[in-house]
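Here's the structure, in structure tokens; my notes come after.
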Amino acid sequence: MAGSFPPLESLVPRHIQHIEPYIPSKPDDVLRQMFGCERIHRLNNNENALGPSPKAMEALAAIDLFQASVYPSGDAFHLRTKLADRFGLTPDSFIVGNGANEVIAFVIKAFCQEGDNIITADKTFAVYEWVAEFSGYEARLVPLGEDYGFDDDAMLAAIDARTKVLFLCSPNNPTGSYWSEAKLRRFLDRIDGRQIVVLDEAYCEFVEAADFPDGMKLLHEYPNLLVFRTFSKMFALAGLRIGFMAGAEKLIDVVRRTCVVYSVNSFAQQAAIGSLEDATEHIGRTRAMVRQAREFLGPELDKLGLFHLAGEANYMMIRLPMSDTLAYRKLMAQGLMVRSMTGFRFPNHIRVTLGELPVMEKLAEGLKNILPG
Ligand SMILES: Cc1ncc(COP(=O)(O)O)c(C=O)c1O
């Protein structure tokens, strides 16, 4: 007979006991019923409304479905070769993951041990902080500067002997601010190789500003730098879950020791290869859509007297004179799904994806409808 089961809490490490699980949004059919709307426009996850590029769609259509029975390439061999050609690096400078989310965990596992800490901003993509905390490491959160950008001096001041990794998000999700080349170089020079610096460029393909650095080029100069990219945003493959990390071969060799093999499926790998083939055209079309959305929505929000922050990526943050959870429900009832920002430490703010003009017009109308008289 089995022995008695100890109280569950006694098996759960202290740092896990206080963590609340993330609650993902429900599927569209469930939401349509809950909120009584016919159609939902998802403006909550910074997806690309144009969908995958034609070459990515072709690659998906050409997939031999029988291949579902065979394990994928465990190290995304062909995709890494393509990435190497595109970025002028070697295939061994890349690790492909099940979304950029997965590679965050690889890095933390590779470098942190008990008592170590990571540093990032207080108002940025939350997964760096979450992965550190549920792995049992301290996440030091440095407040953003007055310009809604990362405060480089304060981050440097927060470093101690147990700091292993600094996570920079550029453009920052959700504020859209970015690290200029001069600011980033100054920061990396002052770190001088003592810690690992992760530059998360999930939205870099949207940026048109001239002083935005290309993280991939900086890898030749900084052996402690890791750059994250994703196929979820510009390349519109979010449902397939694929992203990657690049760095000096020696650094990548260390991180590879913590990777879970076969986490990236064959179909995602094939679609990602396809999307690199017509990347230039797809990026051009998408940038034009995002620019048009930003140019339309900004003045509309001004007319409504709403503070907004757009930055360089495909989203905009908006401050509302009401709670963001209430605004979420009222907008959902009109078929508009936005991101409520209290969880990002921006109470009374929402973040919306910049997409096709007719949907942006609906959003402006929807916001007008929920504002007090
Ligand atoms: C800044 C940032 N990094 C990484 C990710 C994760 O992307 P992926 O879909 O590749 O896991 C996101 C997704 O929202 C993001 O905003």
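Each Cα pair under 8 Å and six or more residues apart adds its sequence gap; the mean of these over the residue count of the stretch 55-277 is a relative contact order of 30 percent. In a DSSP loop and with at most 12 other Cβ atoms within 10 Å, the chymotrypsin sites (Phe, Trp or Tyr not before Pro) in the stretch 1-66 are Tyr22. Rounded to the nearest Å, what's the spacing between the alpha carbon centres of the stretch 48-74 and the stretch 240-283? Just the number, please. Going from one Cα centre to the other spans 14 Å. At the residue level, Leu237 shows approximately 0 square angstrom of accessible surface with a 1.4 angstrom probe and all protein chains present.
Within the chain, the whole DSSP H helices whose Cα atoms reach 18 Å or more along their own axis and whose mean Kyte-Doolittle score is at least 0.0 are 357-370.
Placing +1 on each Lys and Arg Cβ and -1 on each Asp and Glu Cβ, with no other charges, gives the chain a dipole about its Cα centre of roughly 580 debye.
In terms of its alpha-carbon gyration tensor, the chain comes out rounded; the largest-to-smallest axis ratio a/c stays below the 1.5 threshold. Given their separation in residues at 0.36 nm each and the Cα-Cα distance between them, Thr280 and Leu304 gain 5.0 nm when the chain is fully extended. For the stretch 179-215, the list of trypsin sites (Lys or Arg not before Pro) that fall in a loop by DSSP and count at most 16 other C-beta atoms within 10 angstrom reads Arg194. Loop sites by DSSP among the GluC sites (Glu not before Pro) of the chain, restricted to those with at most 12 other Cβ atoms within 10 angstrom, leave 222-373 as the longest stretch without any of them.
Count the net charge of all other residues whose Cβ sits under 12 Å from the Cβ of Lys123, scoring Lys and Arg as +1 and Asp and Glu as -1. Computed value for this residue: -1. Excluding same-chain neighbours fewer than eight residues apart, the lysines reachable from Lys233 by a Cα-Cα span under 27 Å are Lys26, Lys55, Lys82, Lys109, Lys123, Lys183, Lys217, Lys330, Lys362. Dividing the summed -39500 (n - 2.57) terms of all DSSP H runs of n ≥ 4 by the residue count of the chain sets its mean residue ellipticity at 222 nm at -11000 deg cm²/dmol. Accessible surface of the chain, 1.4 Å probe: 54 percent of it comes from carbon and sulfur atoms.
Taking other residues whose beta carbon is less than 10 angstrom from the beta carbon of Ser340, and scoring Lys, Arg as +1 and Asp, Glu as -1, yields +2. Just so you know, the averaged projected area of the alpha carbon convex hull for the stretch 55-277 sits at 11.9 nm².
The residues of the chain expose, per residue, 47 Å² of accessible area to a 1.4 Å probe. Counting 0.36 nm for each residue step from Thr342 to Asp189 and taking away their Cα separation leaves a gain of 51.6 nm. Counting every pair of alpha carbons in the stretch 179-302, the share spaced more than 24 Å apart comes to 41 percent.
Towards the positive end of the charge dipole of the stretch 55-277, with charges on Cβ (+1 Lys, Arg; -1 Asp, Glu), say which of Gly115, Ser69, His220 has the farthest Cα. The listed residue farthest towards the positive side: Ser69.
The values are calculated or read from the model by the stated rules, or taken from the named source; none is laboratory data. In this text the structure is predicted, and so the values were computed from the model without any measurement. So basically every Cβ, Gly included, is an ideal-geometry build from the backbone, and we count neighbours across all protein chains shown. In case anyone asks, the SASA skips ligands and DNA or RNA and just uses the protein heavy atoms, side chains included. Shrake-Rupley method; radii C 1.70, N 1.55, O 1.52, S 1.80 Å.
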